[in-house]
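Structure record follows, encoded as structure tokens.
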Amino acid sequence: MELGLQGKVALITGASKGIGFETALYLAKEGASVAICARNEEHLKVAPSLIFEKTGVEVFYIPADVTKEEDCKRIVTQTAEHFGRLDIVVNNAGISAAQSFDQVGTDLWQHDLDLKLFAAIHCSRYAIPYMRQVGGGSIVNVTAAAAKTPPASSLPTSVSRAAGMALTKAMSKDLGSDNIRVNTVCIGLVRSDQIEKMWQREAPELTWEQYARESKHQIPLGRIGNTEEAAKVITFLVSDAASYVTGTSINVDGGMSGVL
């Protein structure tokens, strides 16, 4: 299938590792030019060389803290100036923050909303004029399956992610006439630093393969997912292959969510 990503320019936040890194790798494989950003400059510096080894594509990296609006504006502007255009934004920055309501203080609420909601708002808002210049574009907001059916002790993440879903739907309605598509992927249990810490804490005697397939995770497909599987879905959504897909959410959770 031809994805139509050759010559497109993508900006991915939170892309020094995990889903963001894997998405940058897949977009580069498909011929897109890619800019990545993250707060951890040490990890961020390594990512471009790893992608170059596998694809021969040089990735533009920008250290940034997307909880700050000025950094969001800067990474969008620098990406567009470096490549001469901007077609794709993947708002992926985020960390796991799951506690009970009584445990979450004001500072954590604010930080989580700044990182997961307002970063997506600011990056998208500054990117849209560049997308209009090239006749359209695609935005993917990475959220979580817990946004649809929040379990206990899932705050503030489930609330921030639910707001991201509402943002996605509203933006898709407003930007459709500009040929700018906006979608979200709702991530379930996918291998990450946080999940690996959970594995070491809960069952260090098990191999990763054994732990990933434990029945207690209650995943219909029988295992925890990997970052490559999430990246493939995101790559599809930002590509021409998904040219008639906007305002939707796709669960990347192995069937774990109780809702569509």
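The values are calculated or read from the model by the stated rules, or taken from the named source; none is laboratory data. The structure displayed is predicted, hence computed values, not measured ones. Neighbour counts run over all protein chains shown; Cβ positions are idealised from the backbone, glycine included.
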I'd like the residue in the range 224-235 that is in contact with a helix residue (DSSP H, G or I) (Cβ under 8 Å, 6 or more places away or on another chain) and surrounded by fewer than 18 Cβ atoms within 10 Å (Cβ to Cβ) and, out of all such residues, is farthest from GLY137 (Cα to Cα).
GLU228
Is there a residue being touching a His at 6+ places or on another chain (Cβ under 9 Å), at pLDDT 95 or above and in the same structural domain as ASP240 (by TED's automatic domain parsing) anywhere in the range 139-156?
yes
Log entry, pairs with first residue in the range 145-159 being touching a residue at least 24 places away in the same chain (Cβ under 8 Å), second being surrounded by fewer than 19 Cβ atoms within 10 Å (Cβ to Cβ) and among the aromatic types (Phe, Trp, Tyr), beta carbons closer than 8 Å, six or more apart or on different chains, reads LEU155/PHE101; PRO156/TRP109
If we ask which residues in the range 83-131 are closer than 21 Å to VAL238 by Cβ and either more than 22 Å from the chain's Cα centre (by Cα) or among the aliphatic types (A, V, I, L, M) (or both), their number turns out to be 13
I need a count of the residues in the range 13-50 that are in contact with a Cys (Cβ under 7 Å, 6 or more places away or on another chain) and assigned to a helix (DSSP H, G or I).
0
Identify all residues within the range 236-259 that are of a type in the set (Ser, Thr, Tyr) and loosely packed, with under 15 Cβ neighbours inside 10 Å; write none if there are none.
SER243, TYR244
